[in-house]
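Worksheet for the structure shown next.
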């Protein structure tokens with residue numbers, strides 16, 4: 001059994017503070033989460049011949065995350081999250097680790113200024129500080145337990161980045177001219193000085209920012225946002241450091257009538273990214289860019305209908321590290337944890353849609369000053385979210401149903417193009433269509449138990465005209481269907497199927513260590529991934545449930561160098577909110 005020193009200290013701290021008693025209010029209180037997971041994987045019959053790998057393997061763990069909240073004063077709270085994890089197969093403490101997963105101090109000063117120190121979750125606008133959703137978000141609702149694990153283990157909460165530092169905010173109310181004014185400021189250190197294998201030290205990397213939002217009236221709101229990712233050269237041995245300040249202004253107008261409410265928002269901003277060299281004979285590398293977006297949203301008074309339409313323009317050289325960092329980096333080969341090699345030749349198995357769903361170790365938690373590589377098979381239209389550079393065009397959506405109707409439907413559309421062509425004067429054009437449909441059949445059919453049918457599909461198109469070296473045509477399609485039927489008020493059975501497919505050609509941008517585009521890699525994609533699952537779920541509430549599933553998954557690739565693979569998994573998950 002391995003117990004880290006700070007974990008041992010926290011265990012002792014929990015024991016002592018749990019004995020404290022206060023007559024007026026509790027000094028110490030607890031909450032947290034417990035999870036047990038077991039998975040048994042096996043090679044399917046349709047996989048290529050493989051007499052080298054194990055035909056089946058199993059793994060799992062039990063863990064307890066105990067959140068200890070201490071209130072030393074009425075306006076101060078200390079929260080520490082203690083994790084105890086035991087790998088299945090370990091007995092009498094073997095394979096058990098104890099660690100402190102989070103530590104935060106938060107409070108208020110004179111009931112006016114709120115502050116927090118330690119681990120925190122920060123977000124601003126989609127162009128300054130934002131954690132865009134991952135490529136696996138398109139999978140069916142039946143895979144939600146997997147998504148819960150990935151989001152929880154990687155601290156993906158409400159599109160926020162988990163950072164460590166100091167943050168403070170306060171607001172003021174006024175009687176004239178301005179109704180209210182809110183300020184926020186923070187300084188964090190996403191990366192400390194690190195010794196690399198080459199014997200050099202990477203510099204400390206900081207992210208600081210501030211925002212000011214004013215409610216001018218009931219209809220008008222204006223906001224200013226700023227973030228800056230920068231390195232301190234003196235803290236390392238490298239002769240180069242990055243600076244990436246980003247500025248954003250927002251203007252919003254809201255109005256409402258008897259039948260509709262309206263909201264119009266304008267975002268606009270500038271960015272600068274500079275690589276500062278210590279040697280005087282080297283010139284700094286600097287690029288400047290900007291963006292603007294107009295979005296108008298409309299919601300019916302009865303909430304049955306809502307729609308929006310907008311236009312977005314992002315310059316090719318716009319760089320915002322805290323908004324463009326991806327949850328998954330494809331710059332280097334990603335190592336899969338389930339059957340990492342296959343066939344008798346022990347080929348490295350490529351990452352599939354199922355790996356995105358089931359393996360939290362594939363994901364990234366650190367902000368990057370350069371654009372990360374992405375996989376066009378998964379997403380090619382906006383791989384860096386709304387802040388994707390070199391994009392301009394129209395987007396919109398429409399939703400119908402609300403919470404009162406048995407049928408809920410949504411449709412998202414986007415028609416974009418490059419601002420400047422890459423490697424040619426011709427520009428790529430992009431199209432995206434995504435629809436979601438949910439039918440609560442028990443309302444329509446007046447059933448005693450729940451019966452939900454959920455459909456989701458997403459289509460992307462990338463095209464470019466030109467000669468045989470310039471032209472490209474990449475089409476991708478993702479779809480999923482789920483049927484969930486209640487056997488009792490808590491027990492339900494579900495069947496889920498998901499299919500991802502893409503075919504065509506594309507050119508992947510190759511950038512140097514400073515993010516400068518210098519070459520292209522030709523890609524020929526013709527592949528499909530599939531996932532099918534069925535099982536039972538017993539649900540006490542949304543986050544407290546037990547589920548057992550049998551899943552079939554695999555991929556078909558037209559590349560003869562990558563044989564098809566087919567696997568099965570028996571999965572059990574128990575998640576309990578404390």
Check: What's the FRET efficiency of residue 495 with residue 280 using the Cβ-Cβ distance as r and R₀ = 45 Å, to the nearest 0.05?
Finding: 0.10
Next item on the list: Give the calculated FRET efficiency between residue 235 and residue 76 to the nearest 0.05, with a Förster radius of 35 Å applied to their Cβ-Cβ distance.
Entry: 0.65
Item checked: Cβ-Cβ FRET estimate between residue 270 and residue 110, R0 fixed at 35 Å, reported to 0.05 -> 0.45
Check: With each run of n ≥ 4 DSSP H residues scored as -39500 (n - 2.57), what mean residue ellipticity at 222 nm is computed for the chain after dividing by its residue count and rounding to the nearest 500 deg cm²/dmol?
Finding: -1500 deg cm²/dmol
Next item on the list: Would you order 153, 293, 280 from fewest to most other beta-carbon atoms within 10 Å of each residue's own beta-carbon?
Entry: 280, 153, 293
Checklist line | Cα-projected label distance for residue 422 with residue 171, points at 7 Å along beta-carbon direction, nm | finding: 4.1 nm
Check: Which value in nm describes the separation of the simple spin-label points at residue 443 and residue 218, placed 7 Å from the Cα toward the beta carbon?
Finding: 3.0 nm
Next item on the list: Calculate the all-directions average of the projected area of region 92-235's alpha-carbon convex hull, and give it in nm².
Entry: 15.4 nm²
Checklist line | Debye intensity ratio I(q)/I(0), log10, region 289-340, q values 0.14, 0.16, 0.18, 0.23 Å⁻¹ (C-alpha model) | finding: -0.70, -0.76, -0.80, -0.95
Next item on the list: Could you calculate the contour length gain from residue 411 to residue 251, that is, 0.36 nm times the residue separation minus the distance between their Cα atoms, to one decimal place in nm?
Entry: 55.0 nm
Margin query: Distance between the C-alpha centers of region 233-248 and region 482-552? Whole Å please.
Written below: 37 Å
Margin query: Taking 0.36 nm per residue of sequence separation and subtracting the Cα-Cα distance, how much length would be gained by fully extending the chain between residue 38 and residue 262, in nm to one decimal?
Written below: 75.8 nm
Check: Taking the convex hull of the alpha carbon atoms in region 428-515, what volume per residue do you get, in Å³?
Finding: 151 Å³
Item checked: Distribution of pairwise C-alpha distances over region 276-422, 10 Å bins, in % -> 9, 25, 26, 25, 12, 3, 1
Next item on the list: Could you check how many percent of all C-alpha pairs in region 479-578 are farther apart than 21 Å?
Entry: 57 percent
Notebook entry, point to check: Want the number for residue 157 to residue 183: 0.36 nm per residue separation, take away the alpha-carbon distance, what's left?
Noted result: 7.1 nm
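Read-outs: derived from the displayed coordinates by stated rules, not from any lab. Being a predicted model, the structure only gives us computed values, none of them experimental. Here Cβ is always computed from backbone atoms with ideal geometry, including for glycine, and neighbour counts include all displayed protein chains.
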